[in-house]
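The values are calculated or read from the model by the stated rules, or taken from the named source; none is laboratory data. Note that the coordinates shown come from a computational prediction; the quantities given were computed from them, not determined experimentally. Note that each Cβ is placed from the backbone with ideal geometry, even for glycine, and that neighbours are counted across all protein chains shown. Accessible surface is based on the protein model in full, side chains and every heavy atom, while ligands, DNA and RNA are left aside. Shrake-Rupley method; radii C 1.70, N 1.55, O 1.52, S 1.80 Å.
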Amino acid sequence: MNINYISRNVGIALVLNAAFMFLSVIVSLCYEMDDAFSPLFLSGVITLASGAFPLVFVREVGTVTLKEGFFTIVLTWLLVCVFGSLPYILWGGDFSVIDAWFESVSGYTTTGCTALSDVEALPHSLLFWRTSTHYIGGLGVVVFMIIVLPNARSTFGLRLSSLEMGNLSKQNYKFKVMETARIIILVYLGLTVLQTLCLTLAGMDFFDALNHSMSIAATGGFSTKNNSAAAFASPAVEIIMIVFMYVSGLHFGLIYLCFRTRSLRIFKDPVIRFYSLVLLGSIVLTTFSLLSGGTERNFLTALRHSAFMNVSAASTTGFANAETLHWPVAALLIFFYLAFQGACSGSTTGGVKVDRICVSFSSIKARLKRNLHLNAIIKPRIGNRILSGEIIGETNLYLVFFMSLIFVGSILLSATGLDLKTSVTTSLACTANTGLTFGSLSSFGNYESFPVVSKIIYTVEMLLGRLEIYPVLAFFVIRRWK
């Protein structure tokens, strides 16, 4: 095991983490040095010192193996979550150690669940740090490392990026590793700046606009308000959020090509077409479900709530503009599917990714045709791309892993005393990194009163879902590797 290489790269991630802590300190100064100044400054110093130590005292090495790649990515995520919980612990308030860990993991994995009953009680700087964990996690610590590592152009750099983004998303980036990282950063920042400007013009306070823009770009869900998007009671704000939640769920590489070529040809991509049509159909069905069930009486209000909540679920952002506690079962089941499906690979979203759903459907369709036409040569494909047996096998295996994780998590959560509906829906919300739940929590609920054991289970599911399971499984069997 190349300890030198691992420690240096984890150190880089921690230094970058510390930079956002000090940025939150500046926010504290802008708000007359609120009471989170000292916790954030001390956390930044501790994190910076911990990250700088291996960079200064550990000797730089050359080539590395895939083993170090798996170990680095998992250890990096674990440590940034640990150090990311320091500002919460040092600030105190309603944060216990477990709640601070829960909030940190939920932030970095862009899940958006919270252990706080009163988010608005937090000082501005801590709210900004909370959103910053989304922003860091949305890009992925590994993408930051690709930018700064001197050997990022090596084969390992490509492998490491594929561990973070997944094989399916890598196929949609026809660029080299460094160019891919630059494109991701450019699109990420561009969406954030543009959305902040739009929300500010729509009447939202700049601080709230910036925080919500960062959350949506990361498809997170942390809001500065207890009632999420509903607190602003503004159709204009909600429409802007709907548009950017949808766009943030698309392939970042394809978004870049859209602006570079000044063309909307990306919507000819079969995966994006499938994602858009499923989302459109879900909005229509949910709207009529709300109207027929008597939950909403006004068509425009039903459409507005339906569009926002469906896009939020599909993009795994997790914001809410309506209370879903008394919504029809049909509408909630649609949310359940959209959260499971997620949006496109190559974005910051969670879920199994719509690409995998397309691959699975294509393989089923090809199998049914072969059963009807025994002598025909029928190969599964998405658009003009023929799918290999390896891609189909890995996709279907991942779907089984993902559903198994939700099932096992539901059983364990039920054992902690939670009811079945809450166990299943929250297990999905955390594994899919969507944060949007229904059941006893509803859309504005929090995890403050949940048992400590259940919160630990949730954080494990969040990390497994964010890292797409395989790197974490490999991490625990790494000693057996030859």
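Data for the structure
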| quantity | calculated |
| --- | --- |
| Formal net charge of residues neighbouring residue 321 (Cβ-Cβ distance under 9 Å; K, R +1; D, E -1) | 0 |
| Simple label model, 7 Å out from Cα along Cβ direction - residue 368 to residue 2, nm | 4.8 |
| Debye intensity ratio in log₁₀ form over the Cα atoms of the stretch 1-58, taken at each q of 0.21, 0.23, 0.30 Å⁻¹ | -0.71, -0.78, -1.06 |
| Two-site FRET efficiency, residue 58 against residue 375, from Cβ-Cβ distance with R₀ of 35 Å, rounded to 0.05 | 0.05 |
| CD proxy at 222 nm, helix term only [per DSSP H run n ≥ 4: -39500 (n - 2.57); per residue of the chain; nearest 500] | -21500 deg cm²/dmol |
| Difference of contour (0.36 nm per residue) and Cα-Cα distance, residue 301 to residue 330 | 8.6 nm |
| Semi-axis lengths, Å, the stretch 1-125, gyration tensor of Cα atoms, sqrt of 5 times eigenvalues | 30, 17, 10 |
| Sorted peptide list for 386-395, 314-323, criterion being average Cβ within 10 angstrom, highest first | 314-323, 386-395 |
| Alpha-carbon gyration tensor eigenvalues x 5, square-rooted, for the chain, Å | 32, 30, 22 |
| DSSP H segments from the chain that extend 24 Å or more along their own axis, Cα-based, with Kyte-Doolittle mean of -0.5 or above | 3-30, 37-57, 66-84, 177-201, 270-292, 354-372, 389-415 |
| Accessible area of the chain belonging to carbon and sulfur atoms, whole % at 1.4 Å probe | 66 |
| Taking the chain and dividing mean pair separation by its residue count, relative contact order in percent (alpha carbons under 8 Å, at least six apart) | 17 |
| Accessible area per residue, Å², the chain with all protein chains present, probe 1.4 Å | 42 |
| Nearby aspartates and glutamates by direct alpha-carbon distance to residue 268 (threshold 19 angstrom, same-chain neighbours under 8 apart not counted) | 355 |
